[in-house]
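Notes follow the structure.
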Amino acid sequence: MALPPAPAHALYDRMYVRGEVLAEAQAAMKLDDEALDRALTELRRLGLLKVQHTGEDVPVSPEVGLADLVGRLQHDLHAHQVRLANLTRDVETLAQTYLPVRRRPESVEVEILDSLEKVDRHFEELGASAADEVLTMLSWRASMPRTTEEVAHGVKAMVDLTSRGVATRTIFVQRFELLPRHQAFLDRLVEANIPIRLLRSVPVQMAIYDRHTAVLPLDPERTAAGAVAVRGELLVRSLVAVFEHCWLHGHAPRAEPDDKIRDRLTAQHLELLRMQAAGAKDDAIGRALGVSSRTVSRLVSEVHEVLGSTSRFQAGVTAARLGLLD
């Protein structure tokens, strides 16, 4: 979930954590009506405020807001996928109807790669022959490198492309940023200055070479089933448009902090973070940890200092991104 501007942070913190009503929070923050409207609009967009039948804004937990936001994004993603399917069908119809009439038909070739060995070999051949550009988009089902050797091989292949003057861009599903076992791969690509974007949901896994050849999975839910290679600029052009749309809406990976961050957080800090993420209030946290409310406040301040956060909401989002809530 994208972090809202600072006034929205503080407003949510006062209403959800401290239990203040809207008027109290506005007065305490000295917000004019225009600034208040902007903060409320941002929190509603993120699903952190729900409008009751009385017209009153009521804060909800980050988990509820995230679930609502994900639901809306999934709905939008489904709509994009339907439009993509319709566009592909229309393009195929146009190609079959008009290109033969013009007597300059574009050659469209389809090759089925029914094993991972064939897929890997095909990728090696396409990478070796690429001249201008390679675009890749990897979903959660992608076969990501896991061993040190595989990481080194994957990074070397992309660095070799760029050293030959081939422009490369890669989109990963955002979940990879949260998994330590895949973070090394992303870190190495960032160090090599390979352009990367992260996206909440990837509509289709694919690789596009020189805007002429595309490789897609036969079964998006089972990458081991193999892939299909499509050659022909007319058909591949729509897939390039999908990639560019996803690239525009993705974000660059955030730099992962030094390992000392985890070392500076005690088991007590981590338990506090987990309880806050679950929606527990200070009194309940204090009872669970067996400490006073003053100690809970001190622990919260220490967590903010370590994570560089300014509110409990931001601390929870940062902790989730770093895998501290697992």
Point to revise | Gyration tensor verdict on segment 202-326 (Cα atoms; rounded if a/c is under 1.5, prolate if a/b is larger than b/c, oblate otherwise) | key: prolate
Point to revise | From the coordinates shown, mean projected area of the Cα convex hull in nm² corresponds to which of (i) 20.2; (ii) 21.6; (iii) 28.9 | key: (ii)
Check your understanding: Taking Cα atoms, how many degrees apart are the long axis of helix 233-249 and the longest axis of the chain, rounded to 10 and kept between 0 and 90?
Key -> 10 degrees
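Let me have the 222 nm mean residue ellipticity of the chain computed from DSSP H runs of 4+ only, each contributing -39500 (n - 2.57), with the sum over all residues rounded to the nearest 500. Working shown, then result.
Numbers: 13 runs with 177 residues, N = 326.
Value at 222 nm, helices only, nearest 500: -17500 deg cm²/dmol.
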Revision key, fill the gap. Helix 33-45 sits off the longest principal axis of the Cα atoms of the chain, rounded to the nearest 10 on a 0 to 90 degree scale, by 50 degrees
Revision key, fill the gap. Of every hundred units of 1.4 Å-probe accessible area on the chain, the number belonging to carbon and sulfur atoms, as a percent, is 54 percent
Exercise for review: Return the single residue from R287, R237, R175 with maximal mean-square fluctuation; model: Gaussian network over the chain, springs between Cα atoms under 10 Å.
Suggested key: R287
Review point. Looking at the chain, what % of its DSSP beta bridges pair antiparallel, to the nearest 5?
Key: 70 percent
Revision key, fill the gap. Taking Cα atoms only, helix 293-307 is inclined relative to the longest principal axis of the chain by an angle, in degrees rounded to 10, of 30 degrees
Review point. Taking the highest mean first, how do the peptides 128-135, 217-224 order by number of other beta carbon atoms within 10 angstrom per residue?
Key: 128-135, 217-224
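The values are calculated or read from the model by the stated rules, or taken from the named source; none is laboratory data. This is a predicted model, so every value here is computed, not measured. We place every Cβ from the backbone using ideal geometry, glycine too, and count neighbours over all the protein chains shown. These accessible areas exclude ligands, DNA and RNA; they are computed on the full protein's heavy atoms, side chains included. Shrake-Rupley method; radii C 1.70, N 1.55, O 1.52, S 1.80 Å.
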